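Asker: Sharing a structure, written as structure tokens. Questions coming.
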Amino acid sequence: MLVRRLRSTLLTLSRRWQTTASNTAIESPSASGHSSSVASSQLFRITRESALRTPGISWQDEESDRNIVGGRETRKMNLYQAVRDALSIALAKDDSAVVFGEDIAFGGVFRCTMGLAEEFGRERVFNTPLTEQGIAGFGIGLASMGHTAIAEIQFADYIFPAFDQLVNEAAKFRYRSGGHFSIGGLTVRAPTMAVGHGGLYHSQSPEGFFMGASGLKVVIPRSPIQCKGLLLSAIRDPNPVIFMEPKILYRSAVEQVPIDDFALPLSRAEILIPGSDLTLLTWGTPVYHCEYALRLLNSPPPSLAPLIPPSLRSAKVELIDLRTILPWDIETVVESVRRTKRLVIVHEAGMTGGVGGEIAAEVGKRAFLRLEAPVRRITGWDVPAGLQFEKFNMPDAVRILDGIMETLSY
């Protein structure tokens, strides 16, 4: 009943916006594709001091003993600028590093490699033919010869022609050689997730397809600091890494980023908001939809206030960013669920065969007797990304709020 009333109220609000142009209390979605939940996020580190105190940060330069605040500087960056900064550091410090992909010599479709070819030369930053299988195979060959190969798949949706190379070759390279050979120098970057108008070939979230590819790592950052630190860790990791960057965050996510060389740990989740009543687990763009859903829960606007019981508004929800999808941080997630006794998982990919199913199964095995409600998954629908009305395929703040209330009320 509560769910039906909530959805009915939201439909009424939607119709009111469509028919009452003068109503300034309800705004239309941004035509730029920027998400209001991202723009209003309190999770970004917008000051120098908070950026330099990012949890887990590890300085990688020769002056690593410098005072963490007093001796370092930051610069305001969005996510694509953070990618470019990380690639520049990797190329400057590693003479064997090369960056390649479709159209990347002039900056790429998202401008992540802008100026790198001019800075480091077209022998190290160069275009490839339009062949994802060829890009992956070329990267495997380069890495097997000792190079640091940083490949770009123009959209994560295009990664499927490279699937055989990544799953049958890259993931198994060390294993099939008995540990004698490695392609740990391979990193494959790919813009992922919805952008608001990408349609069926530019808005997919394919991370779940790699869950069974033992030997690969899959990483998805949420912000510029996270992107730079995790990308540098991925480039230097002794395993091949698929690094998926949420494309709507390229320009929407902005924060102060340390200009020095630093790393953030792979396979370690981060607790963004501590809590005791429910664990809310996600990664990438939905981190901000989850944050917004928690604000709606704790301080509902007048239009939603009658539908959210006062007893639920004081709930302490623990928000976790998984960051590394494969291999994921089982210990942090399970420890949180044992404390909160409830788990809601949010991801943009469809539910069937999604990462959330694997996490739910593992949590069920390790914390079944501590659960006070079924594990809830809030995901994209099991349909292709729409050519229009893409938002309705996404797990937005309202759907997340709905799931949180159901789980808390179970």
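The values are calculated or read from the model by the stated rules, or taken from the named source; none is laboratory data. Since this is a predicted model, take the numbers as computed values, not measurements. Every residue, glycine among them, receives a Cβ derived from its backbone with ideal geometry; neighbour counts consider all protein chains shown. Accessible surface areas use protein heavy atoms only, side chains included; no ligands, DNA or RNA. Shrake-Rupley method; radii C 1.70, N 1.55, O 1.52, S 1.80 Å.
Asker: Does the range 107-126 contain at least one residue that is out of contact with any helix residue (DSSP H, G or I) (no Cβ under 9 Å at 6 or more places or on another chain), closer than 16 Å to residue 189 by Cβ, open to solvent by 20 Å² or more (accessible area, probe 1.4 Å) and touching a residue at least 24 places away in the same chain (Cβ under 8 Å)?
Answerer: yes
Asker: Condition check: under 30 Å from residue 182 (Cα atoms) and touching a Phe, Trp or Tyr at 6+ places or on another chain (Cβ under 9 Å). Does residue 264 satisfy that?
Answerer: Spelling it out, it is not the case that residue 264 is under 30 Å from residue 182 (Cα atoms) and touching a Phe, Trp or Tyr at 6+ places or on another chain (Cβ under 9 Å).
Asker: Determine which single condition residue 215 fails, assuming it passes every other condition in (1) buried (at least 17 other Cβ atoms within 10 Å of the Cβ); (2) without any contact (Cβ under 8 Å) to a residue 60 or more places away in the chain; (3) closer than 22 Å to residue 100 by Cα.
Answerer: Result: residue 215 fails condition (3) only.
Asker: Looking at residue 141 and the list (1) without any contact (Cβ under 8 Å) to a residue 12 or more places away in the chain; (2) open to solvent by 40 Å² or more (accessible area, probe 1.4 Å), which single condition is not satisfied?
Answerer: (2)
Asker: Go over the candidates 347, 289 one by one and state the one that is at pLDDT 95 or above, under 20 Å from the mean Cα position of the chain (by Cα) and in a helix (DSSP H, G or I).
Answerer: Details: 347 fails: in a helix (DSSP H, G or I).
Every option except 289 fails the conditions.
Asker: Now a separate question. Is it the case that the range 128-137 has a residue that's more than 23 Å from residue 240 (Cα to Cα) and either at pLDDT 95 or above or over 23 Å from the mean Cα position of the chain (by Cα) (or both)?
Answerer: We begin by selecting, within the range 128-137, every residue more than 23 Å from residue 240 (Cα to Cα); these are none.
So far as the range 128-137 goes, no, none of its residues is more than 23 Å from residue 240 (Cα to Cα) and either at pLDDT 95 or above or over 23 Å from the mean Cα position of the chain (by Cα) (or both).
Asker: Can you name the residue in the range 310-329 that is free of Cβ contacts under 8 Å to residues at least 60 places away in the same chain and open to solvent by 10 Å² or more (accessible area, probe 1.4 Å) and, of all such residues, is nearest to residue 362 (Cα to Cα)?
Answerer: By that ranking, first place goes to 316.
Asker: May I ask you to list the residues in the range 127-138 that are open to solvent by less than 70 Å² (accessible area, probe 1.4 Å) and touching a strand residue (DSSP E or B) at 6+ places or on another chain (Cβ under 8 Å)? Step through it out loud before you land on a result.
Answerer: First, pick out the residues of the range 127-138 that are open to solvent by less than 70 Å² (accessible area, probe 1.4 Å): 128, 131-132, 134-137.
If the condition is that a residue be open to solvent by less than 70 Å² (accessible area, probe 1.4 Å) and touching a strand residue (DSSP E or B) at 6+ places or on another chain (Cβ under 8 Å), then 128, 135, 136 are the ones that fit.
Asker: Provide a single number: the residues in the range 117-149 that are among the hydroxyl-bearing types (Ser, Thr, Tyr) and within 14 Å of residue 106 (Cβ to Cβ). Show your work before the answer.
Answerer: Within the range 117-149, the first condition is being among the hydroxyl-bearing types (Ser, Thr, Tyr), and the residues that meet it are 128, 131, 144, 148.
Narrowing the set further to residues that are within 14 Å of residue 106 (Cβ to Cβ) leaves 128.
Number of matching residues: 1.
Asker: Of everything in the range 196-236, what is of a type outside the set (A, V, I, L, M), more than 24 Å from residue 45 (Cβ to Cβ) and assigned to a loop (DSSP other than H, G, I, E, B)? Give them in sequence order. Give the derivation first.
Answerer: In the first step, residues of the range 196-236 are kept if they are of a type outside the set (A, V, I, L, M); the result is 196-199, 201-210, 212, 214-215, 217, 221-224, 226-229, 233, 236.
After this cut, where a residue has to be more than 24 Å from residue 45 (Cβ to Cβ) as well, the list is 196-199, 201-210, 212, 214-215, 217.
Those that are of a type outside the set (A, V, I, L, M), more than 24 Å from residue 45 (Cβ to Cβ) and assigned to a loop (DSSP other than H, G, I, E, B): 196, 197, 198, 202, 203, 204, 205, 212, 215.
Asker: Further question on the same structure: Against the condition in contact (Cβ under 8 Å) with a residue 60 or more places away in the chain, outside any helix (DSSP H, G or I) and over 23 Å from residue 94 (Cβ atoms), how does residue 191 come out, does it pass? Don't jump to the end; show me each part of the working.
Answerer: Details: in contact (Cβ under 8 Å) with a residue 60 or more places away in the chain: yes; outside any helix (DSSP H, G or I): yes; over 23 Å from residue 94 (Cβ atoms): yes.
Taking the combined requirement at face value, the residue satisfies it.
Asker: Sort out which residues of the range 372-395 are in contact with a helix residue (DSSP H, G or I) (Cβ under 7 Å, 6 or more places away or on another chain), part of a loop (DSSP other than H, G, I, E, B) and either acidic (Asp, Glu) or within 22 Å of residue 328 (Cβ to Cβ) (or both), and write them in order of number.
Answerer: 373, 375, 395
Asker: Can you say whether residue 339 is in contact (Cβ under 8 Å) with a residue 40 or more places away in the chain, open to solvent by 20 Å² or more (accessible area, probe 1.4 Å) and not in a loop (DSSP other than H, G, I, E, B), as far as the supplied structure shows?
Answerer: Working: in contact (Cβ under 8 Å) with a residue 40 or more places away in the chain: yes; open to solvent by 20 Å² or more (accessible area, probe 1.4 Å): yes; not in a loop (DSSP other than H, G, I, E, B): yes.
Here the answer is yes, as residue 339 does meet what is asked.
Asker: Of all the residues that make up the range 175-212, how many are of a type in the set (Lys, Arg) and at pLDDT 95 or above? Steps first, please.
Answerer: Going residue by residue through the range 175-212, those that are of a type in the set (Lys, Arg) are 176, 189.
Still in the list and also at pLDDT 95 or above: 189.
Residues in the range 175-212 being of a type in the set (Lys, Arg) and at pLDDT 95 or above: 1 in total.
Asker: Contact list please: Cβ distance under 7 Å, first residue in the range 295-307 and outside any loop (DSSP other than H, G, I, E, B), second residue of a type in the set (Lys, Arg), pairs at least six apart or on different chains.
Answerer: 297/313; 298/313; 307/5
Asker: What single numbered condition from (1) of a type outside the set (Ser, Thr, Tyr); (2) within 16 Å of residue 409 (Cα to Cα); (3) crowded, with 19+ Cβ neighbours inside 10 Å; (4) touching an Asp or Glu at 6+ places or on another chain (Cβ under 8 Å) fails to hold for residue 289?
Answerer: Only one criterion in (1) of a type outside the set (Ser, Thr, Tyr); (2) within 16 Å of residue 409 (Cα to Cα); (3) crowded, with 19+ Cβ neighbours inside 10 Å; (4) touching an Asp or Glu at 6+ places or on another chain (Cβ under 8 Å) is unmet by residue 289, namely (2).
Asker: Let me ask something else about it. Please find, within the range 351-406, the residue that is surrounded by the most Cβ atoms within 10 Å (Cβ to Cβ) out of those that are of a type in the set (S, T, N, Q) and more than 24 Å from residue 307 (Cβ to Cβ).
Answerer: 352
Asker: Sticking with this one: Do the conditions hold for residue 359, that is, is it within 17 Å of the chain's Cα centre (by Cα), not charged (D, E, K, R) and not in a helix (DSSP H, G or I)? Before you say what the answer is, go through the steps one by one.
Answerer: On the way: within 17 Å of the chain's Cα centre (by Cα): yes; not charged (D, E, K, R): yes; not in a helix (DSSP H, G or I): no.
Answer is no for this residue.
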